[in-house]
1. Per the Kirkwood treatment, what hydrodynamic radius in Å, one decimal, follows for the chain from the mean inverse distance over all distinct Cα pairs?
2. Would you calculate a helix-derived [θ] at 222 nm for the chain, using -39,500 (n - 2.57) for each DSSP H run of n ≥ 4 and dividing by the full residue count, to the nearest 500?
3. Sequence neighbours fewer than 8 away in the same chain don't count; with that in mind, list the lysines whose C-alpha is under 21 Å from Lys79.
4. Just to be sure I understand the model, the point goes 7 Å from the Cα along the line to the Cβ. What's the resulting Glu198 to Asp158 distance in nm?
5. Under the 0.36 nm per residue contour assumption, what length would be gained going from the current alpha-carbon distance of Asp179 and Asp38 to full extension?
6. Mind checking the full-extension length gain between Asp69 and Glu110? Use 0.36 nm per residue of separation minus the Cα-Cα distance, one decimal, nm.
7. In whole angstrom, how far apart do the alpha carbon centroids of region 100-139 and region 12-68 sit?
8. Take the Cβ-Cβ distance between Glu217 and Glu96 as r, set R0 to 45 Å, and report the resulting FRET efficiency rounded to the nearest 0.05.
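Here, each number is a calculation from the coordinates, and none is a lab measurement. Everything numeric in this text was worked out from a predicted model, so none of it was measured. Note: ideal-geometry Cβ built from the backbone for every residue, glycine included; neighbour counts use all protein chains shown.
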Amino acid sequence: MQFRTIIPAPQYPFHIQEEDTVMLVGSCFSDHMGHYFDTHRFNVCSNPFGVLFNPVSIDRAIRFMLEPDLLDRNRYFYKHRDLWVSFAHHGRFSKENFEEFEANIDHHLERSAEFLHKTHYLFVTFGTAFCYKFIPRDLIVSNCHKIPNHQFDRIRLDVKKIVTQWNGTLTLLKNACPDMKVIFTVSPVRHLGDGAHENTLSKSVLLLAVEKLVDNEFTHYFPAYEYVIDDLRDYRFYAKDLCHPNDMAISYMEEKLAESFFTPETSAHMLEIEKENRFLNHRKFR
């Protein structure tokens, strides 16, 4: 689908090739982009800790992949009712049996740590500046896991905290993976549960923080938020909840992704893969 837009696709001093490795971490928007890379047969790892929304949780996941021993079981693992949960992971990692729970987390951590060290392009998508601190452990969590609200403090991160924490992690990444490129994005998904005004403030904090983190050499910015908010600017590009971009908006974002990061040859090869995928997914009427 072709869109008439006002924001040109940014051009970067590199191109993503089919043989490159791509990792994506962050909000559910990362899953959309990860699916796009995966269906076009890139070597991709998407959200190995599950969907993460706030910059502190995303930063922590990357640090754990860089240094797996930092994942302190006594601090991050917690039993709530009949489930073991991890405050560093999405709820899809929760299990009743502790041995299965721990083994599953260790398996994904080992694989993602290995993948990160050979990653050429790391996409980081911030979703919201709001986060929740688990009071008994004084710990910002990646997911509240349906634990009662009174056990959490809700806080909004500020630009300074995000930038300070991420500058340290980017230094670690640069030392461990000097050939890597980090591409920041801010999710266009509206977090209206925080309130309309609060959502706008939250996105503003994220955009200001990313502005200070991008150096156009090791770190870059892909304007996903601006494409949806400024280019599309219409609720017909949102799902029924009026928060998440719909299929048309996702298609638009994929076009911009291709224009920005792929050579014409790579794009042509991806079109051939799309044709193959349609053929493989075809079902004959009986």
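1. 20.0 Å
2. It lands at -13000 deg cm²/dmol.
3. Lys95, Lys133, Lys146
4. Here the modelled spin labels are 1.9 nm apart.
5. Using 0.36 nm per residue and subtracting the Cα-Cα distance, I get 48.6 nm.
6. Answer, rounded to one decimal: 13.7 nm.
7. 11 Å
8. My answer for the efficiency is 0.45.
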